[in-house]
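Have a look at the structure below before the remarks.
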Amino acid sequence: MVRVQYASICGTDLHIYQWNRWAQNRIKLPQVAGHEFSGVVVATGKNVQRIREGDFVSAETHIPCKICPQCRTGKMHICRNMEILGVDRDGIFAPYAVVPEIVLWKNDPSIAPQFASVQEPLGNAVFTVKEADVAGKSVLITGAGPIGAMAIQVARAMGAGPIIVSEIKPFRLELAQKNGADFVIDPAQQDALARILEITDGNGVEAVLEMSGNQKAMQLGLDALTPGGTVSILGVFDDRIPFDINQAVFKNLTLKGITGRKMFETWFTLSSLLKYGRVSLDKIVTHVLPFESWQQGFDLMEEGKCGKVVLQVSN
């Protein structure tokens, strides 16, 4: 049992709040939402071995079954029987939350608790960037929401350059600049492909990190990739999208789907990035609100006028 200190709002939480078709089909009410948090352990079950009362923790939110073929071959992040905290079981938008020991992560005490609460989405960014092997490569990030902004910092820490970001929302264009993008492009205002080719001397980018879930952005990424390039796809699309598979064939592209975080390789990487200052979440977390102001937080999310929104649940 964890006393929740900070809880950040995820896009999944926004879908549940909006009660869209996905939420209606997935969520079984009544249920507590939320899954990104930091807090202090206040009690443990009799079979718990690794976690102690008083530990400062966050959690991997994908809860594995531990017995399916994927779990038994080092791929717990794609467990066949996975449950998600705040989606398939009660989450953390509450004073206390009960979380299985297997997914709890002991936080380094140097990490501020409000920032520790957003490690799960930072893990999305780390996984996406690492799968594209960006060191010394030109990178296009399509979509500069909070995870896209995190990916900018992670890509820089891992040696990418130049880092180009495409985004159409003014707030997020500014967020991309603050987080270290070398070039920021608004496809609604200019020919994005022509600009990317200009920046890369006509070669195109060597890696695309798709963060938007937008069909036009995905196509831009494919068009902008140089032959032999890699695209890591984290964005989730509302529906099927038309796709010219021959473009991937003749360009000899590598497409990688990204879900969650590698358990727990990604967590070790992101913890190191935070501990040693390679990534700075104060440029990502734009609002820290008291829990009672949750409505304001969700409004900011809907308007797209924020980075990461964090709610303070307790001291």
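Out of segment 288-315, which residues are buried (at least 16 other Cβ atoms within 10 Å of the Cβ) and touching a Lys or Arg at 6+ places or on another chain (Cβ under 8 Å)?
GLY307
Which one is surrounded by the most Cβ atoms within 10 Å (Cβ to Cβ) among residues in segment 168-182 that are within 18 Å of LYS216 (Cβ to Cβ) and touching a strand residue (DSSP E or B) at 6+ places or on another chain (Cβ under 7 Å)?
Ranking the candidates gives ALA176 first.
Scanning for something in contact with a His (Cβ under 9 Å, 6 or more places away or on another chain), closer than 22 Å to LEU14 by Cα and without any contact (Cβ under 8 Å) to a residue 24 or more places away in the chain, does segment 86-104 turn up at least one residue?
So far as segment 86-104 goes, no, none of its residues is in contact with a His (Cβ under 9 Å, 6 or more places away or on another chain), closer than 22 Å to LEU14 by Cα and without any contact (Cβ under 8 Å) to a residue 24 or more places away in the chain.
Taking the conditions exactly as written (over 26 Å from ASP201 (Cα atoms), more than 14 Å from the chain's Cα centre (by Cα) and either of a type outside the set (D, E, K, R) or outside any strand (DSSP E or B) (or both)), does ARG261 satisfy them or not?
Answer is no for this residue.
Output the number of residues of segment 1-26 satisfying the condition of being assigned to a loop (DSSP other than H, G, I, E, B), at pLDDT below 95 and at negative phi.
2
Can you tell me which residue among VAL98, VAL42 is surrounded by fewer than 15 Cβ atoms within 10 Å (Cβ to Cβ), out of contact with any Lys or Arg (no Cβ under 7 Å at 6 or more places or on another chain), at pLDDT 95 or above and not basic (Lys, Arg)?
Result of the check over VAL98, VAL42: VAL98.
Mind telling me which of the residues MET150, MET211 ends up being among the aliphatic types (A, V, I, L, M), in contact with a strand residue (DSSP E or B) (Cβ under 8 Å, 6 or more places away or on another chain), under 20 Å from GLY11 (Cα atoms) and buried (at least 24 other Cβ atoms within 10 Å of the Cβ)? Quick ask: steps written out before the conclusion?
On the way: MET150 fails: in contact with a strand residue (DSSP E or B) (Cβ under 8 Å, 6 or more places away or on another chain).
Unique residue meeting the criteria: MET211.
Among the listed residues ARG80, ARG52, ARG3, identify the single one that is surrounded by 15 or more Cβ atoms within 10 Å (Cβ to Cβ) and basic (Lys, Arg). Give the derivation first.
Details: ARG80 fails: surrounded by 15 or more Cβ atoms within 10 Å (Cβ to Cβ); ARG52 fails: surrounded by 15 or more Cβ atoms within 10 Å (Cβ to Cβ).
The conditions single out ARG3.
So, in segment 115-147, exactly how many residues are of a type outside the set (A, V, I, L, M) and within 22 Å of GLU302 (Cβ to Cβ)?
Within segment 115-147, residues that are of a type outside the set (A, V, I, L, M) and within 22 Å of GLU302 (Cβ to Cβ) number 8.
Can you tell me which condition GLN114 does not meet? The list is (1) touching a strand residue (DSSP E or B) at 6+ places or on another chain (Cβ under 8 Å); (2) among the polar types (S, T, N, Q); (3) part of a loop (DSSP other than H, G, I, E, B), and all the others hold.
(3)
For VAL99, which of the numbered conditions (1) closer than 22 Å to PHE291 by Cα; (2) outside any loop (DSSP other than H, G, I, E, B) fails to hold?
Result: VAL99 passes all but (2).
Considering only residues that are touching a residue at least 40 places away in the same chain (Cβ under 8 Å) and in a loop (DSSP other than H, G, I, E, B), which ones fall in segment 207-250?
Result: MET211, SER212, GLY213, ASN214, LEU234, GLY235.
Looking at the structure I just gave you, is VAL154 assigned by TED's automatic domain parsing to the domain that holds ILE185, assigned to a helix (DSSP H, G or I), of a type in the set (Val, Ile, Thr) and at pLDDT 95 or above? Talk me through it step by step, then tell me what you get.
Details: assigned by TED's automatic domain parsing to the domain that holds ILE185: yes; assigned to a helix (DSSP H, G or I): yes; of a type in the set (Val, Ile, Thr): yes; at pLDDT 95 or above: yes.
In short, yes.
The values are calculated or read from the model by the stated rules, or taken from the named source; none is laboratory data. These numbers come from a predicted model, not from an experiment. Here the Cβ is made from the backbone with ideal geometry for all residues, glycine too, and neighbour counts use every protein chain on show.
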